[in-house]
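The structure appears right after this line, and notes come after that.
All of the numbers you see were taken from the coordinates with simple rules; none came from a lab. Predicted model, so just to flag it, every value in this text is computed and none were measured. Don't worry about glycine lacking a Cβ; one is built from the backbone with ideal geometry, like all the others, and counts go over all protein chains shown.
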Amino acid sequence: MKNGENKAWATRDQSVVWHPCTQMKDHERLPIIPIRRAQGVWLEDFAGKRYLDAISSWWVNLFGHANPRINAALKAQLDELEHVLLAGFSHAPAITLAERLIALAPPGLTRCFYADNGSSAVEVALKMSFHYWRNRGQPQKTRFVTLSNSYHGETLGALAVGDVTLYKDIYKPLLMPVIVVPSPDCYPRAPEVSCVQHSERMFAAMAQILARQQAEICAVIVEPLVQCAGAMRMYDPVYLRLLRAACDHYGIHLIADEIAVGFGRTGSFFACEQAAITPDFLCLSKGLTGGYLPLSTVLTTSEVYAAFYAEHAAQRAFLHSHSYTGNPLACQAALASLDIFRADDVIEKNKSLSAHMARALAPLHVHPHVAEVRQTGMIAAVELVADRATRTPYPRHERRGQRVYAYGLEHGVLLRPLGDVVYFMPPYVITPSEIDLMVEVAIRGIEWAVAG
Ligand code: PMP
């Protein structure tokens with residue numbers, strides 16, 4: 001009967017909902033899973049079957065589903081103010097959140113511009129950078145530099161500065177041209193080369209481009225330390241230090257897209273801290289609200305802010321707006337999430353969770369179909385290959401990662417491999433024994449996926 005309820009919802013879903021990032025025909029084989037409720041790291045369907053949310057529902061959830069503290073903050077906010085436009089008006093949650101984010105961010109970021117999702121934050125940063133240079137009398141600066149294999153969202157501007165073929169190729173005729181520089185990603189390095197050395201050497205290509213095209217470049221955009229949608233490829237903080245210095249030298253902005261890696265994912269509160277740098281624009285979303293509601297923000301400097309501050313007649317204002325900009329409920333969820341960081345000393349506690357994750361994954365280091373197990377803080381990834389010695393990938397059409405996904409679902413763990421990279425980015429309320437379970441199911445799923 002209960003399974004019938006799952007089926008009934010799945011059938012209704014299939015006739016009206018078009019799902020994101022999905023070939024809908026795949027659901028003929030693998031039915032959609034309707035979720036009735038969730039608690040902590042567990043999602044529960046209409047038949048009472050539970051799934052451990054090993055990927056934090058697309059990297060957004062930090063402190064578990066139905067977190068009592070965030071729930072309470074939201075319920076209280078609901079009776080005060082659900083929404084008001086942020087142009088001409090303001091409210092306590094937006095003001096307080098801006099103050100607290102500025103206090104937590106790398107030094108020098110003093111202004112908080114709100115939007116309502118990650119891609120929009122990237123659009124804001126791109127437009128602000130371009131507009132800054134115009135306002136400063138440098139209209140020839142119109143170009144952006146990005147790293148190969150980077151991902152910054154899927155609206156047209158954000159898509160243009162990304163480089164993941166899967167999302168971008170088809171729309172290329174619609175996108176502004178950008179300058180793509182080879183990523184410092186440490187996966188392809190030679191075995192005798194350390195990740196620091198590799199990241200450092202890879203900077204040469206960036207240095208060359210910046211030197212040659214400085215006059216026309218507005219900004220460089222990067223995902224600090226982990227290229228998440230680009231299959232969790234990782235690099236060393238040294239690259240960010242070199243990049244910051246070069247951008248300063250040539251008069252180019254640095255946009256840090258910490259939409260996925262912010263809020264503790266890489267082991268520090270912000271990834272930029274590990275390089276001790278301050279970007280000109282810091283984009284935040286996803287974990288910002290603890291995974292509750294859509295919200296994003298771009299933090300920037302007084303220098304950028306000042307370039308837009310003028311008499312109305314000068315027409316220098318930044319005219320960008322989204323209806324739900326700085327929604328009070330979303331801001332309140334973000335404040336409750338920041339309270340949890342402070343009260344529970346989360347960054348410190350996560351160190352033992354990430355060490356536990358590393359220990360649990362240790363057996364995979366020698367697996368014949370694993371080329372690399374990599375980890376940065378609370379993000380871990382396993383690169384599946386056909387042949388470990390030559391690092392030959394599996395033919396794409398074999399969809400080995402998809403098999404791991406199906407196995408995981410059958411055994412109660414939501415893993416959602418990126419191609420053949422199985423990764424873990426769990427909520428911080430996961431327990432050591434839940435980590436063991438999550439990894440155990442993944443390992444069995446990998447065994448199953450690589451067999452035959
Ligand atoms: N930037 C990065 C680094 C991301 O990982 C994502 C989302 N995966 C985005 C931007 C886009 O965010 P959103 O999906 O909220 O538009």
**Study point:** ³J(HN,Hα), Karplus 6.51/-1.76/1.60, whole Hz, each residue of region 301-307, x for Gly, Pro
**Key:** 8, 5, 4, 5, 4, 4, 5
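Write down the percent of antiparallel bridges among all DSSP beta bridges whose residues are both part of the chain, to the nearest 5. Let's see the in-between values first.
Numbers: 32 of 48 bridges.
Taking every DSSP beta bridge within the chain, about 65 percent pair in antiparallel fashion.
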Practice item. Please express the Cα-Cα pair-distance distribution P(r) of region 199-250 as a list of whole percents, one per 10 Å bin, running from 0 to the bin with the greatest distance. Key: 23, 53, 23, 1
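When ranked by the protection proxy of mean other Cβ atoms within 10 Å per residue, highest first, what sequence do the peptides 86-93, 368-375 form?
On the way: 86-93: 14.1, 368-375: 18.5.
Going by the mean number of other Cβ atoms within 10 Å, highest first, we get 368-375, 86-93.
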Check your understanding: Quick one: what do you get for the chain if you divide its Cα Rg by 2.2 N^0.38 Å?
Key -> 0.98
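For region 223-330, give me the percentage of DSSP beta bridges that are antiparallel, rounded to the nearest 5 percent.
Percentage antiparallel, nearest 5: 65.
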Revision key, fill the gap. Note on region 365-408: alpha-carbon gyration tensor, axes a ≥ b ≥ c; rule is a/c under 1.5 for rounded, else prolate if a/b larger than b/c, else oblate; result oblate
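In percent, how large is the relative contact order of region 1-135, given Cα pairs closer than 8 Å and 6 or more residues apart? Mind showing how you got there, number by number?
Values: 72 pairs, mean separation 18.8, N = 135.
For region 1-135, the relative contact order is 14 percent.
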Exercise for review: Collect residues whose amide H, placed 1.01 Å from N in the peptide plane, falls under 5 Å from the amide H of residue 372; neighbours closer than 5 in sequence don't count.
Suggested key: 383
Check your understanding: Using only the Cα atoms of region 167-286, what do you get for the radius of gyration and for Dmax, in Å?
Key -> 14.4, 42
Study note, to complete from the structure: Listed by chain and number, the residues whose amide H is under 5 Å from that of residue 62, excluding neighbours fewer than 5 places away on the same chain and using placed H, are 291
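Counting alpha carbon pairs within less than 8 Å and at least 6 residues apart, what relative contact order, in whole percent, applies to region 252-297?
39
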Review point. How large is ³J(HN,Hα) for each residue in region 309-318, as worked out from phi by the Karplus curve 6.51 cos²θ - 1.76 cosθ + 1.60 (θ = phi - 60°), to whole Hz, x for Gly and Pro?
Key: 8, 6, 4, 3, 4, 6, 6, 10, 5, 8
Review point. Got the relative contact order for the chain handy, in percent, Cα pairs under 8 Å and 6 or more residues apart?
Key: 20
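Fewest to most neighbouring Cβ within 10 Å: what's the order for 44, 82?
On the way: 44 15, 82 10.
Least crowded to most crowded, the residues run 82, 44.
Please state, rounded to one decimal and in Å, the Kirkwood hydrodynamic radius that region 331-452 gives when every pair of distinct Cα atoms enters the mean of 1/r.
Details: mean 1/r = 0.0652 Å⁻¹.
Across region 331-452, the inverse of the average 1/r is 15.3 Å.
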**Study point:** Around residue 242: net Lys/Arg minus Asp/Glu count, Cβ-Cβ under 12 Å
**Key:** 0
